[in-house]
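S.K.: For reference, the structure I am asking about is given below.
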Amino acid sequence: MYQFFKDFAGPVAVVAAALVAASVTSNFAWRQWKTAENKLRFDLFDRRLTVYLATKTLIDKITVHGSSTPDDLRQFYDAVKGAEFLFKADLKDYYMTIGELCWKAQMARFSQEKTKADNHRNKLIDQEESIVEFLMGEREPIENKFKKYLDLSKIGL
């Protein structure tokens, strides 16, 4: 009996060591995979938050000041560049519509300053006011529109 254990002790120890090494390696691999998965979630959240904040900031600027500047629009479009891959089409359409409306309000403001005809100027003022009024109404709904993409309770950490 002693000879039997003596003969198989070396191979059993090698197999046991291999199983322990495989277990430790698989544990490290699983942890690295979870870390990479969490990093991806964080990166997506961070990029989506940037788009949300840029959209909200643009809405706030035009509703507080009554208009936006070319620099405001440049900052907005820089922030949303490439974001079409982060959201479904309806939200992409939403934040791009916000940018387009701000541009239209800006153009109406610039045209008001250049036009001499009162009735045309009044139409431009009405156009700008209707855009600003619409955007004022978007200050609350914007959070609901972005919520499903920014809700931290659903990311599974």
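The values are calculated or read from the model by the stated rules, or taken from the named source; none is laboratory data. Because the structure is a prediction, the values reported are computed rather than measured. Note that each Cβ is placed from the backbone with ideal geometry, even for glycine, and that neighbours are counted across all protein chains shown.
S.K.: Which of (1) at pLDDT 90 or above; (2) within 22 Å of ASP71 (Cα to Cα) is the odd one out, the single condition GLY137 does not satisfy?
M.R.: Just one mismatch for GLY137, condition (2).
S.K.: Return a yes/no flag: does the stretch 138-154 have any residue that is of a type in the set (Ser, Thr, Tyr) and touching a residue at least 40 places away in the same chain (Cβ under 8 Å). I'd like the intermediate steps shown before the answer.
M.R.: Step one: list which residues in the stretch 138-154 are of a type in the set (Ser, Thr, Tyr), which gives 149, 153.
Pick out the ones that are also touching a residue at least 40 places away in the same chain (Cβ under 8 Å) and you get 149.
Within the stretch 138-154, one or more residues are of a type in the set (Ser, Thr, Tyr) and touching a residue at least 40 places away in the same chain (Cβ under 8 Å).
S.K.: Follow-up. Here is a check on your reading of the model: is LEU58 in contact with a Leu (Cβ under 8 Å, 6 or more places away or on another chain) and over 27 Å from GLU129 (Cβ atoms)?
M.R.: On the way: in contact with a Leu (Cβ under 8 Å, 6 or more places away or on another chain): yes; over 27 Å from GLU129 (Cβ atoms): no.
No: the conditions fail for LEU58.
S.K.: If I ask for residues that are crowded, with 16+ Cβ neighbours inside 10 Å and of a type in the set (Asp, Glu), which ones from the stretch 96-129 would you list?
M.R.: GLU128
S.K.: Within the stretch 32-81, how many residues turn out to be part of a loop (DSSP other than H, G, I, E, B) and either in contact (Cβ under 8 Å) with a residue 24 or more places away in the chain or surrounded by 15 or more Cβ atoms within 10 Å (Cβ to Cβ) (or both)? Break it down stepwise before answering.
M.R.: Filtering the stretch 32-81 for residues part of a loop (DSSP other than H, G, I, E, B) gives 66-69, 81.
Now narrow it down to the ones that are either in contact (Cβ under 8 Å) with a residue 24 or more places away in the chain or surrounded by 15 or more Cβ atoms within 10 Å (Cβ to Cβ) (or both): 66-69.
Looking only at that region, the number is 4.
S.K.: Next question. When the stretch 82-95 is examined, which residues are found to be over 19 Å from GLU138 (Cα atoms), surrounded by 12 or more Cβ atoms within 10 Å (Cβ to Cβ) and not hydrophobic (A, V, I, L, M, F, W, C)?
M.R.: GLU84
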